[in-house]
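Okay, so here's the structure we're looking at.
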Amino acid sequence: MLQIRNLHASVGGKEILKGIDLTVKPGEIHALMGLNGAGKSTLSYVMAGHPAYTVTEGSVTYRGKDLLTMSPDERAHEGIFLSFQQPVEIPGVMMFNFMRAAINAKRKASGQEPIGASEFRTLMQEKRKLVGLDSRLANRGVNEGFSGGERKRNEIFQMAMLEPSLAILDETDSGLDVDALRIVGEGFNRLRKEDTSAIVITHYQRLLDYIRPDIVHVLIDGRIVKTGGPELATEIEQRGFDWIKETL
Amino acid sequence: MNQYLELFQEQRALIDSNSLPLLNSCREAAAEAFARLGFPTKRVERYKYTDVASAFAPEYGLKLDTPLSQQTIPDVVASRYGTLADVNDDAITALNTMLAQELTVVHIPAGERRQQPIRLTRQLHSTVPLMQNRRLIVVVEEGAEVSLLMSDQTDDDQDFLTTQVTEIFVGKGASVEVYDIERTNARCHRLHQLYADVSAGGRFLHTSFTATCGLTRNTTNVRLSGEGASTELLGTAIIDGQQHCDNNTLIDHAAPGCKSHELYKYVADEHATGAFAGRVLVRQEAQQTESQETNANLVCTPWARIYTQPMLEIYADDVQCSHGSTVGQMNEAALFYMQQRGIGADEARLLLKQAFTADVLNLIPFEPLRDWLRNLANRRFEGDLNHCRTCQLCGPTK
Ligand SMILES: Nc1ncnc2c1ncn2[C@@H]1O[C@H](COP(=O)(O)OP(=O)(O)O)[C@@H](O)[C@H]1O
Ligand SMILES: [Mg+2]
């Protein structure tokens with residue numbers, strides 16, 4: 001479903017990704033681990049089409065289509081969802097309007113009619129409850145005045161609303177206390193559809209206790225240097241990354 | 001400039017015969033002041049962002065022979081004419097006083113509370129370049145309440161120049177709300193002067209909404225002359241193309257215990273130019289003043305220009321005042337976030353613009369108008385205001 005081949009990317013003239021190869025099949029969950037600065041967020045931004053990042057080599061194919069030539073919104077319509085490491089605050093843009101614009105844009109792209117107002121309200125209510133956001137959500141600005149935990153829950157809420165086929169969770173667990181982590185982890189599992197694939201970027205095992213990966217990758221200095229099963233995550237949790245570096 | 005003085009001298013008889021003795025009695029002094037002041041150049045501090053001369057560049061015609069219907073002006077109104085709008089203070093005020101023939105009067109006697117707003121719709125219509133000099137006086141006596149809905153529009157793609165001088169007297173404990181909505185064409189030049197005096201315990205709200213314009217200069221002078229008076233000045237300007245909008249305000253705290261709140265927001269796209277200069281003067285006697293002034297601007301392109309100059313001048317010691325301005329660009333991170341959710345770039349920009357102007361519109365207390373203006377702003381941002389040229393300000397109360 002997702003095929004990344006020899007992907008090189010740079011930002012501000014500096015090469016960050018130095019030849020990434022990654023294949024994700026429908027319904028698979030991949031964990032991507034690595035130290036700060038390894039290039040994990042860069043990879044997620046490049047896949048989402050962030051204009052600051054330049055792809056210098058390689059390809060990204062999604063469901064047979066070349067992702068790299070698409071605008072960020074087109075990629076979203078194809079089913080790519082990025083849960084941001086640091087979700088931005090957009091004061092004054094109400095969650096209700098924002099979410100409806102997002103859903104309708106997606107519907108339009110697939111030739112569907114806009115969603116009805118009451119249907120939308122019901123949907124929003126149903127999904128926000130699952131991540132423990134209260135009824136004021138609709139009339140709050142996007143992430144405006146949200147706590148760190150609320151922002152992460154809001155990301156999962158949006159994922160549930162948009163029903164992506166590939167969700168990239170960029171450190172969705174960072175800055176969460178155990179309760180918030182449980183809400184996010186369980187929320188993700190409940191809100192994810194069966195054939196939804198995911199790339200879960202994290203430093204720790206704890207989110208992977210909820211979202212169980214099929215495959216675990218280690219990213220160091222812009223390259224995937226090790227790939228294994230779920231046990232690799234446990235090993236990293238216990239031993240850190242240094243032993244992997246030493247084997248290189 | 002000479003051409004307007006000559007016109008005045010040559011056509012004096014015609015002007016006077018189609019006007020009121022009250023207005024005629026003030027022309028001579030106005031002409032002298034105008035001759036002395038001349039058109040303001042950009043060297044005049046208050047006009048440094050607006051090229052007034054360019055507004056007078058087209059050869060305008062004037063209609064001086066429109067017969068006036070019978071009008072008796074109450075003494076309380078007549079005695080105040082020209083007392084706030086000092087011809088020696090401003091060339092546009094002088095020019096207007098020299099040439100204006102009609103006088104629009106709003107007089108609300110003591111204690112009368114008008115529930116419905118009074119509408120003043122001005123629709124410019126001409127097949128040749130046209131200059132119009134409008135004059136208004138609003139006297140709201142003790143404890144009375146009124147709101148005015150002023151709409152300024154152009155029908156034809158023609159060169160227009162309007163000068164307008166408005167004098168507003170807010171009596172003790174009275175309340176006056178003025179909503180001034182401009183939707184004029186790119187060839188319209190608007191030079192408006194508004195003067196308000198607020199007596200003790202009185203309240204004056206002024207909302208300026210520039211939806212479209214050519215070259216606009218709005219001068220808004222408010223004097224809080226009685227203890228406990230308050231004013232709120234709210235402004236929104238949505239400008240693009242080559243549009244130019246300059247709001248110049250003065251809030252004069254001349255009595256103790258007065259409050260002022262000012263918020264102006266501009267969204268400048270393409271090659272538009274916006275200017276804001278807001279002076280808050282707190283005189284020595286104006287103790288316990290509370291004043292807050294903010295100008296915030298969203299600049300959408302590298303070519304759009306914003307000049308902002310909030311000024312606070314304080315001569316009293318027991319005051320709470322703040323002022324500030326910001327000029328920002330489109331939040332790129334927010335745009336990317338929205339696009340990642342599937343929202344197209346244009347719509348994402350639209351949402352950011354709407355959000356930017358939302359807080360100033362939220363402050364408008366008159367709910368039907370607030371909704372209507374939100375809608376107007378949205379349509380403006382969507383670029384489809386021209387579809388609605390014939391739609392007058394009919395929405396709010398119908
Ligand atoms: N916009 C940017 N401009 C310059 N350097 C950047 C930018 N974004 C990321 N980097 C650099 O790229 C490297 C990888 O960053 P990032 O992808 O955020 O790593 P990770 O998510 O794995 O912690 C870091 O050295 C970081 O400083
Ligand atoms: Mg990161």
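The values are calculated or read from the model by the stated rules, or taken from the named source; none is laboratory data. Given the structure is predicted, the values throughout are model-derived calculations rather than measurements. All Cβ positions, glycine included, derive from the backbone under ideal geometry; neighbour counts span all protein chains shown.
Close contacts from the range A:25-46, counting a first residue that is more than 14 Å from every other protein chain (Cβ to nearest Cβ) and a second that is near ligand 1 (Cβ under 6 Å from one of its atoms) and part of a helix (DSSP H, G or I), with Cβ to Cβ under 7 Å and a gap of 6+ residues or different chains, come to A:32/A:40; A:34/A:40.
Here is a yes/no grid of residues against (1) closer than 27 Å to residue B:15 by Cα; (2) touching a Gly at 6+ places or on another chain (Cβ under 8 Å); (3) not charged (D, E, K, R):
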residue	(1), (2), (3)
B:131	yes, yes, yes
B:135	yes, no, no
B:164	yes, no, yes
B:170	no, yes, yes
B:195	yes, no, yes
B:203	no, no, no
B:221	no, no, yes
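Evaluated against (1) surrounded by fewer than 17 Cβ atoms within 10 Å (Cβ to Cβ); (2) closer than 30 Å to residue A:104 by Cβ, residue B:302 falls short on exactly one condition, (2). Restricting the range A:62-92 to residues that are in contact with an Asp or Glu (Cβ under 8 Å, 6 or more places away or on another chain) and among the aliphatic types (A, V, I, L, M), the residue that is farthest from the other protein chains (Cβ to nearest Cβ) is A:67. Of the numbered criteria (1) surrounded by fewer than 22 Cβ atoms within 10 Å (Cβ to Cβ); (2) assigned to a strand (DSSP E or B), the one residue A:244 fails is (2).
Considering A:48, A:52, A:31, A:76, which residue is closer than 29 Å to residue A:161 by Cβ, in contact with a helix residue (DSSP H, G or I) (Cβ under 8 Å, 6 or more places away or on another chain) and away from ligand 1 (no atom under 16 Å from the Cβ)? Break it down stepwise before answering.
Values: A:48 fails: away from ligand 1 (no atom under 16 Å from the Cβ); A:52 fails: away from ligand 1 (no atom under 16 Å from the Cβ); A:31 fails: away from ligand 1 (no atom under 16 Å from the Cβ).
When all the criteria are applied, what remains is A:76.
Considering every residue within the range A:173-192, establish whether at least one is outside any loop (DSSP other than H, G, I, E, B) and either within 16 Å of ligand 1 (Cβ to nearest atom) or within 14 Å of chain B (Cβ to nearest Cβ) (or both).
First pass over the range A:173-192, keeping only residues outside any loop (DSSP other than H, G, I, E, B): A:178-191.
Restricting the remaining residues to those that are either within 16 Å of ligand 1 (Cβ to nearest atom) or within 14 Å of chain B (Cβ to nearest Cβ) (or both) gives none.
Looking for residues that are outside any loop (DSSP other than H, G, I, E, B) and either within 16 Å of ligand 1 (Cβ to nearest atom) or within 14 Å of chain B (Cβ to nearest Cβ) (or both), one finds none in the range A:173-192, hence no.
Might you let me know whether the range A:161-177 holds any residue that is without any contact (Cβ under 8 Å) to a residue 24 or more places away in the chain, acidic (Asp, Glu) and surrounded by fewer than 21 Cβ atoms within 10 Å (Cβ to Cβ)? No, because not a single residue in the range A:161-177 is without any contact (Cβ under 8 Å) to a residue 24 or more places away in the chain, acidic (Asp, Glu) and surrounded by fewer than 21 Cβ atoms within 10 Å (Cβ to Cβ).
Here is a check on your reading of the model: is residue B:333 within 30 Å of residue A:106 (Cα to Cα), within 14 Å of chain A (Cβ to nearest Cβ), surrounded by 12 or more Cβ atoms within 10 Å (Cβ to Cβ) and modelled with pLDDT of 95 or more? Yes; evaluated as a whole, the condition is true for this residue. Taking the range A:39-59 as the range and being surrounded by fewer than 22 Cβ atoms within 10 Å (Cβ to Cβ) and among the aliphatic types (A, V, I, L, M) as the test, the residues that pass are A:52, A:55.
Counting just the residues of the range B:239-252 that are in contact with an Asp or Glu (Cβ under 8 Å, 6 or more places away or on another chain) and part of a strand (DSSP E or B), which one comes out nearest to residue B:283 (Cα to Cα)? Per the criteria, the residue is B:251. Considered as a group, the residues in the range A:199-223 that are within 12 Å of ligand 1 (Cβ to nearest atom) and of a type in the set (A, V, I, L, M, F, W, C) include one that is farthest from residue A:166 (Cα to Cα), and that residue is A:220.
For the range B:101-130, give me the residue count where each residue is surrounded by 18 or more Cβ atoms within 10 Å (Cβ to Cβ), within 18 Å of the chain's Cα centre (by Cα) and more than 22 Å from residue B:78 (Cα to Cα). Looking only at that region, the number is 2.
If you take the residues in the range A:153-172 that are in a loop (DSSP other than H, G, I, E, B) and within 14 Å of chain B (Cβ to nearest Cβ), which one is nearest to ligand 2 (Cβ to nearest atom)?
At the first step, the residues of the range A:153-172 found to be in a loop (DSSP other than H, G, I, E, B) are A:163-165, A:171-172.
Narrowing the set further to residues that are within 14 Å of chain B (Cβ to nearest Cβ) leaves A:163-165.
On the way: A:163: 25, A:164: 20, A:165: 23 Å.
Here the answer is A:164.
Of all residues in the range B:145-161, those satisfying the criterion of being polar (S, T, N, Q) and surrounded by fewer than 23 Cβ atoms within 10 Å (Cβ to Cβ) are B:147, B:151, B:153, B:158.
For the range A:130-147, the set of residues classified as more than 13 Å from every other protein chain (Cβ to nearest Cβ), loosely packed, with under 13 Cβ neighbours inside 10 Å and assigned to a helix (DSSP H, G or I) consists of A:135, A:136, listed by residue number.
Results for (1) touching a Gly at 6+ places or on another chain (Cβ under 9 Å); (2) modelled with pLDDT of 90 or more, shown as yes or no for each residue.
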| position | (1), (2) |
| --- | --- |
| B:346 | no, yes |
| B:355 | yes, yes |
| B:363 | no, yes |
| B:369 | yes, yes |
| B:373 | no, yes |
| B:388 | no, no |
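Residue A:84 fulfils the conditions (1) more than 16 Å from ligand 1 (Cβ to nearest atom); (2) crowded, with 16+ Cβ neighbours inside 10 Å except for a single criterion, (1). From the list A:126, A:89, A:150, A:113, the one residue that fits, being surrounded by fewer than 22 Cβ atoms within 10 Å (Cβ to Cβ), within 27 Å of residue B:330 (Cβ to Cβ), of a type in the set (Asp, Glu) and free of Cβ contacts under 8 Å to residues at least 24 places away in the same chain, is A:150. Residues in the range B:182-218 that are over 21 Å from residue B:121 (Cβ atoms) and not in a strand (DSSP E or B): B:199, B:200, B:201, B:202.
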